[in-house]
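Remarks on the structure that follows.
The values are calculated or read from the model by the stated rules, or taken from the named source; none is laboratory data. Computed from a prediction, not measured in an experiment: that's the story for all the values here. Note that we place each Cβ from the backbone using ideal geometry, even for glycine, and neighbour counts take in every protein chain shown.
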Amino acid sequence: MRIFLSISCLLICLQVYGQKNAWKNKSEARWENFENGTRLLASNDNLLPVTYIVDVKIKNLKQSVSNGTLVVIPPGASDSVVFEFIKIDPKKGWDVKNNTLSYYGDLSDTEYDADYVYDLPFENGASFKVAQGYGGTISHQNKFAIDFNTPVNTTVHAAREGLVVEVVENNVRSCDQPSCADFNNYVKILHSDGTIMQYLHLKRNGSAVKAGEMVNKGDLIGYSGNTGWSTGPHLHIDLYLTGKDNKYQTLKTKFKIQKGEISEELIKGEIYTKDY
């Protein structure tokens with residue numbers, strides 16, 4: 001009896017914004033054969049879950065989950081079963097053509113706390129103008145993102161508590177072209193509802209936190225700069241949920257203003273003070 005196993009594709013598709021190949025891939029998958037079939041096992045040493053979207057073509061096998069199923073592998077998992085196949089006729093050969101893709105984040109997590117009110121991402125008493133808002137023509141087309149006119153070395157503070165899942169701070173280059181997005185410095189923080197807020201264009205060595213740390217709302221997380229795709233010193237923030245096909249969904253956010261008594265979406269051209 002001859003057994004056939006062909007692997008066409010097993011990819012980790014990086015979920016990034018403004019930074020190509022930013023995530024350091026710390027997940028892996030391997031095949032394990034057993035007497036009556038084979039299974040795909042996945043380990044995940046990342047701080048975020050990894051989602052596999054099942055897509056296989058099989059011969060003489062019965063699969064445990066159907067194509068299109070989302071299989072989420074949590075952080076820290078070791079040899080978790082993504083799917084397995086049992087031979088239908090043990091006397092015949094079998095074959096697997098695997099086109100399963102994997103993505104950072106929990107793609108099944110589509111609900112979030114839309115009513116959460118965020119702090120302004122700077123220190124108490126500071127005031128800054130919104131230079132570019134939602135759908136801005138410079139770099140925010142079809143995105144819910146905010147740019148604050150912050151000078152280099154302005155302290156940046158967490159708008160919400162969460163887990164620091166990624167830090168990049170080694171870049172120095174900047175320009176006004178999209179190609180320079182590869183050189184953004186930033187901090188990304190995962191929240192309890194699965195959303196992630198990223199704070200971009202920090203100065204070189206401008207992070208005050210490390211990946212894996214928990215931060216509280218208002219904690220110092222870094223210092224603004226002028227790195228990456230930037231026309232001048234500023235702080236970019238946006239909130240998003242991870243998605244497939246190297247895309248993600250940015251989300252509208254409300255911020256505390258006027259001594260924390262009012263919450264609203266921020267508007268381009270307005271100056272906002274953190275007075276709470």
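Things to note:
- Hits in the range 201-223 (condition: within 20 Å of the chain's Cα centre (by Cα) and hydroxyl-bearing (Ser, Thr, Tyr)): 207
- Some residue of the range 107-126 being surrounded by fewer than 17 Cβ atoms within 10 Å (Cβ to Cβ), touching a residue at least 60 places away in the same chain (Cβ under 8 Å), of a type in the set (Val, Ile, Thr) and not in a loop (DSSP other than H, G, I, E, B): yes
- Exactly one residue out of 93, 76 is of a type outside the set (Lys, Arg), closer than 21 Å to residue 44 by Cα and either free of Cβ contacts under 8 Å to residues at least 60 places away in the same chain or assigned to a loop (DSSP other than H, G, I, E, B) (or both), and it is 76.
- The residue that is surrounded by the most Cβ atoms within 10 Å (Cβ to Cβ), counting only those in the range 127-148 that are among the β-branched types (Val, Ile, Thr) and in contact (Cβ under 8 Å) with a residue 12 or more places away in the chain, is 146.
- Looking across 191, 201, one residue alone is crowded, with 20+ Cβ neighbours inside 10 Å, touching a strand residue (DSSP E or B) at 6+ places or on another chain (Cβ under 9 Å) and assigned by TED's automatic domain parsing to the domain that holds residue 125. It is 201.
- When 184, 171 are screened for being farther than 21 Å from residue 124 by Cα, in contact with a helix residue (DSSP H, G or I) (Cβ under 8 Å, 6 or more places away or on another chain) and not small (Gly, Ala, Ser), only 171 passes.
- Residue within the range 209-227 that is more than 19 Å from residue 169 (Cβ to Cβ) and at pLDDT below 95 present: no
- Considering residues of the range 32-44 that are under 11 Å from residue 85 (Cα atoms) and hydrophobic (A, V, I, L, M, F, W, C) only, the residue modelled with the lowest pLDDT: 34
- Residues (among the aliphatic types (A, V, I, L, M) and either buried (at least 22 other Cβ atoms within 10 Å of the Cβ) or under 19 Å from residue 146 (Cβ atoms) (or both)) located in the range 170-188: 181, 187
- Some residue of the range 157-168 being under 15 Å from the mean Cα position of the chain (by Cα), surrounded by fewer than 21 Cβ atoms within 10 Å (Cβ to Cβ) and among the acidic types (Asp, Glu): no
- The range 229-250 - residue that is modelled with pLDDT of 95 or more and either closer than 15 Å to residue 188 by Cβ or outside the structural domain of residue 205 (by TED's automatic domain parsing) (or both) and, of those, farthest from the chain's Cα centre (by Cα): 235
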